[in-house]
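Contents: one structure, followed by commentary.
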Amino acid sequence: MTTKQGDFLELPLPVDTHLHLSLGGDPVANARLQLAAGVAGVRDAGDRDGRLDGVAMPLSLNVVRTGPAIFKKGSYGSFLGDNREFTLAEKIAQTPSSFVKVILTGLVSFDNYGEIGPQQWSLEELTEIVKMAAAIDKKVMVHANSDKACREAVAAGVHSIEHGYFIEPETLTLMAAKGIYWTPTIAAMANQILDPDKRFSRAQLAIIKRNAGRQLEMIKFAYDAGVQLSIGTDSGSYNVPHGRTFLREMELFVEAGIEKSEVWRIATRNGWVLLGLPGELRLKLDPKMPLDALLEESRRVLLK
Ligand SMILES: [Zn+2]
């Protein structure tokens, strides 16, 4: 898909593979912030009870929606999940686009290093969900933290793993072999180190820093191992603003040790392929330009 001509690479426009348009402000305003940041496509990873249904998004933004996330009643995820009285089969059938979002575990603890909110679905249950989704031609993206959950997600046959905090190198190696995408959402963790609202204690900040540091190491490991990475910001979450976090997530990939031009390829081609978007929107750019300048070029095309 990539063609090299001199120093220029022809690639699609950038894609944010994980965000929440319904969180952190008005959904349409949030969509406009993505375009203004140079982002051409997004995968919305869950809106509570389908509140994005019928919302008219700007036409120039490619929106792939999972609809409400599938989570187990009483577990983590009600704020972006389906709380209505539908069966699992009905929830999967109502997924508006090509991806079903499943919440497999809870959040990463800021109080005890390495602790993760409980796993909601067993390997057997998750495998069944993946099968039910595949039967109607849909892929599964899974919110998973802890190595055990990520490993089970791989075994169940999901298409992409989201967050993946505390994933181990062996699991990443398996993902590379199986072509499973990883969206590490590092900005959503690293942004908390800045703690603008003074929400966290000194002990919690130390754990947040450790979490972010470990994730950066795994991003580099994954890249070297050949895992298909993608830029997903989790925008809409606490302290993760729509639009400008896209550059921040790319910069963190550079901080992890991945070459800038490769980060641009991950942000564009990988996202485009992961979402299965059509191929006409492409830009021929010098990947040695600063990342913000590359995004500016994309913004110019999108807002034309
Ligand atoms: Zn999310």
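The table below lists the values:
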read-out: Whole-Hz ³J(HN,Hα) from phi, Karplus 6.51 cos²θ - 1.76 cosθ + 1.60, for region 45-56, glycine and proline x; value: 9, x, 10, 3, 6, x, 5, 8, 4, x, 7, 7
read-out: Length-normalised contact order of region 8-302 in % [C-alpha pairs under 8 Å, at least 6 apart]; value: 25
read-out: Contour excess over end-to-end distance, with Cα ends at V273 and E10 and 0.36 nm allotted per residue; value: 93.2 nm
read-out: Percent antiparallel among DSSP beta bridges (both partners in the chain, rounded to 5); value: 25
read-out: Fewest-first sequence of T233, T95 by Cβ atoms within 10 Å of each Cβ; value: T95, T233
read-out: For region 35-152, convex hull of alpha carbons as volume per residue, Å³; value: 131
read-out: 3J(HN,Hα) from dihedral phi, region 119-133, Karplus parametrisation 6.51/-1.76/1.60, rounded to Hz, x for glycine, proline; value: 6, 8, 10, 6, 4, 5, 5, 5, 4, 5, 4, 4, 5, 4, 5
read-out: Straight-distance crosslink candidates among aspartates and glutamates, where the alpha carbon sits under 15 Å from K139 and sequence neighbours closer than 8 are dropped; value: D44, E128, E162
read-out: Stretchable slack from A135 to E217, in nm (0.36 nm times residue separation minus alpha-carbon distance); value: 25.9 nm
read-out: Within a Gaussian network of the chain (alpha carbon springs, distance under 10 Å), most fluctuating of V263, V254, V158; value: V254
read-out: Residues I103, I136, I116, sorted so that the one with the fewest Cβ neighbours within 10 Å comes first; value: I136, I116, I103
read-out: Pairs from K91/K131; K178/K260; K260/K284; K72/K101 whose Cα-Cα separation, in the structure shown, is over 18 Å; value: K178/K260
read-out: Around I231: net Lys/Arg minus Asp/Glu count, Cβ-Cβ under 9 Å; value: -2
read-out: Under-5 Å amide H pairs with S78, H placed in peptide plane, nonlocal only; value: none
read-out: Net length gained if the chain between K198 and D49 were fully extended (0.36 nm per residue, minus Cα distance); value: 50.5 nm
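Every read-out reported here was derived from the displayed coordinates using simple, explicitly stated rules and does not represent laboratory data. These numbers were taken from a predicted model, which means no experiment stands behind them. Cβ: placed from backbone, ideal geometry, glycine included. Neighbour counts: every protein chain shown.
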